[in-house]
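The block underneath contains the structure these notes are about, expressed in structure tokens.
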Amino acid sequence: MQFQQLLYFVAVAETRHFTQAAERVHVSQPSLSQQVRALEKELGAELFSRARGNITLTDAGEALLPLARRILADADTARIEVQELAQLRRGRVRLGATPSVCTGLLPQVLRDFHDRHPGIQLLIEEGGSHDLVRHLARGALDLALVVLPLPSPSPALTTVELLREDLVVVSSPDAPDAPDFGATARVADLQGERLVMFRHGYDLRELTVAACRAEGFEPEFAVEGGEMDAVLGFVRAGLGVAVVPRMVAERAGSDLRMTPLARPRLRRTIALAHRSDVAPPRAARELQRMLLAR
């Protein structure tokens, strides 16, 4: 049974005339008649009674008509659904990002994307680069914003550098023992300072600890284990200082003091990653284009 045969059958059933049905579906009348007879042969039953040029449905035709209409309607629905996806009217994007990127980079880009494609659902997964790479590899994410270098290089992922960002020191100016770094601070100036530190697996934790060890000292933690919002809150409370991305510090508010790090600066590289063996969905590719064009 072919889709075209059902289309011709419904046209004849609704017009009760082979020539008019052929004109309606834009084929020749002999071709339409041949396809209807082929359908009847396959089903093993006549669908029309053709007595004296009067076309009526047989019992088999009456039984097939609602089913054929439903099949044609479902096919039309499928066509519309696929077209809407292709034209970015519907769909979803599963995007992973580190919490600091979610706070600083994503809000405006996601707002612009939503304004252009309001029918696309955005699903955001926050996590460290290690977790995001794992989610990408098993197909749980379409795209991820990760910090380079990756914790474990993966040949199955494609990464494109998005931006490089300086890290800065934030502190509470109201804390009684607030450090006075001056215009800039060095990593060595953090020796003896109590740090508010991120949880294990957080990219900024590994970067900060490695920088302190490169200067010959082990960092001292006042409190550790938090996410970005918690770390900023602990710094505001005067528990210690923290090393955070500049874009986060600039949005943190006037109740925190931001001190740039002197050369050699601490920097991080943010990259957009996706699986190499599977092309991202159309909507994800559009978000990827907007992120790279920002």
First in region 79-92 and within 10 Å of Pro281 (Cα to Cα) and open to solvent by 100 Å² or more (accessible area, probe 1.4 Å), second anywhere and part of a helix (DSSP H, G or I) and of a type in the set (A, V, I, L, M), Cβ under 7 Å, 6 or more apart: Arg92/Ala283
Of the residues that sit in region 211-222 and are open to solvent by 40 Å² or more (accessible area, probe 1.4 Å) and among the hydrophobic types (A, V, I, L, M, F, W, C), which one is nearest to Cys102 (Cα to Cα)? Phe221
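Results for (1) of a type outside the set (Phe, Trp, Tyr); (2) within 29 Å of His135 (Cα to Cα); (3) within 22 Å of the chain's Cα centre (by Cα), shown as yes or no for each residue.
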position: Phe217; (1), (2), (3): no, no, no
position: Phe221; (1), (2), (3): no, no, no
position: Leu232; (1), (2), (3): yes, yes, no
position: Arg267; (1), (2), (3): yes, yes, no
position: Ala271; (1), (2), (3): yes, yes, yes
position: Pro280; (1), (2), (3): yes, yes, yes
position: Arg285; (1), (2), (3): yes, yes, yes
For region 99-107, indicate whether the set of residues that are part of a helix (DSSP H, G or I) and touching a Pro at 6+ places or on another chain (Cβ under 7 Å) is non-empty. yes
So, in region 111-149, how many residues would count as being over 19 Å from Val244 (Cα atoms) and in a loop (DSSP other than H, G, I, E, B)? 8
Filter region 240-269 down to the residues that are open to solvent by 80 Å² or more (accessible area, probe 1.4 Å) and touching a strand residue (DSSP E or B) at 6+ places or on another chain (Cβ under 6 Å), then identify the one that is farthest from Val209 (Cα to Cα). Arg257
Across region 219-254, what is the total count of residues that are within 14 Å of Gly104 (Cβ to Cβ), charged (D, E, K, R) and modelled with pLDDT of 90 or more? 1
Is there any pair with a first residue in region 272-287 that is closer than 11 Å to Leu95 by Cβ and a second that is of a type in the set (Asp, Glu) and open to solvent by less than 70 Å² (accessible area, probe 1.4 Å) whose Cβ atoms are under 6 Å apart and which are 6 or more apart or on different chains, and what are they? Pro280/Asp142; Ala284/Asp142
Selection count where residues are on the phi > 0 side of the Ramachandran plot and either without any contact (Cβ under 8 Å) to a residue 60 or more places away in the chain or open to solvent by 60 Å² or more (accessible area, probe 1.4 Å) (or both), scope region 223-239: 1
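The values are calculated or read from the model by the stated rules, or taken from the named source; none is laboratory data. Keep in mind that what you see is a predicted model, and the values were worked out from it rather than measured. Ideal geometry is used to build each Cβ from the backbone, glycine not excepted, and the neighbour counts take in all protein chains shown. Quick note on the areas: whole protein, heavy atoms, side chains included, nothing else; ligands and nucleic acids left out. Shrake-Rupley method; radii C 1.70, N 1.55, O 1.52, S 1.80 Å.
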